[in-house]
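Here's the structure, in structure tokens; my notes come after.
Where a number appears in this text, it was derived from the coordinates with a stated rule and is not lab data. Everything numeric here is computed off the predicted structure, so don't read it as measured data. So basically every Cβ, Gly included, is an ideal-geometry build from the backbone, and we count neighbours across all protein chains shown.
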């Protein structure tokens, strides 16, 4: 499993590296980056532990979060990927797709683009029966991305350590396959299919 390198129209999704520490620490320090659920930015030490843990998971062959970088210029803008939501034991066994981006890179479709790539990877490469995505319902932007990707609310719960409300969104492989087939059918029936390089 681990974290492969995936290229999308505008992004490179690649394993995190120790060289990413300073840039990622600056992104993590933004209060908005971690507002849900921590309501504060992260320290440099917390970012270092995050990267250490991600590398440990990647090297062990487990699901691991990836860096999200721009194809044009290579700037690191955040992270995304598949992971095991150990923080919420009640949903296990499960594989979660998630993402977080720096403030200046939001509202440009990057989260949807990265999330879509990882959902496809999970269903096609690992044949997962279901993928979950978990968010604070006050984080309406993240919830909107999940719904664009086809996720629906599976259950409502609370964060086990800070008591924040959480929605556990779910997407079944069968539902994703049906949507993919319908999308292909629409494209095949269109007299002028849209460019695959169009920005999202």
Notebook entry, point to check: On a 0 to 90 degree scale, rounded to 10, what angle separates helix 110-125 from the longest Cα axis of the chain?
Noted result: 70 degrees
Note to self: Could you tell me the center-to-center distance, by alpha carbons, between segment 38-76 and segment 89-126 in angstrom?
What the structure shows: 14 Å
Notebook entry, point to check: Given only helices, namely DSSP H runs of n ≥ 4 each adding -39500 (n - 2.57), what is the per-residue ellipticity at 222 nm of the chain, to the nearest 500 deg cm²/dmol?
Noted result: -11000 deg cm²/dmol
Notebook entry, point to check: What order, most packed first, do the peptides 15-22, 85-92, 105-112 have when packing is the mean number of other Cβ atoms within 10 Å of each residue?
Noted result: 105-112, 15-22, 85-92
Checklist line | Projected label distance in nm at residue 124 and residue 174, using a 7 Å step from Cα toward the beta-carbon | finding: 2.3 nm
Check: Given R₀ = 30 Å, FRET efficiency for residue 49-residue 139 by Cβ-Cβ distance, to 0.05?
Finding: 0.80
Next item on the list: Name the most mobile residue of 60, 133, 83, meaning the one with the largest mean-square fluctuation, in a Gaussian network model of the chain with Cα contacts below 10 Å.
Entry: 60
Notebook entry, point to check: Quick one: length gained pulling residue 152 to residue 31 fully straight, 0.36 nm per residue minus the C-alpha distance?
Noted result: 40.8 nm
Notebook entry, point to check: Helix 44-60 versus the longest principal axis of the chain: what angle, 0 to 90°, nearest 10, using Cα atoms?
Noted result: 50 degrees
Checklist line | 0 to 90° range, to nearest 10: angle between helix 173-189 axis and the chain longest Cα axis | finding: 50 degrees
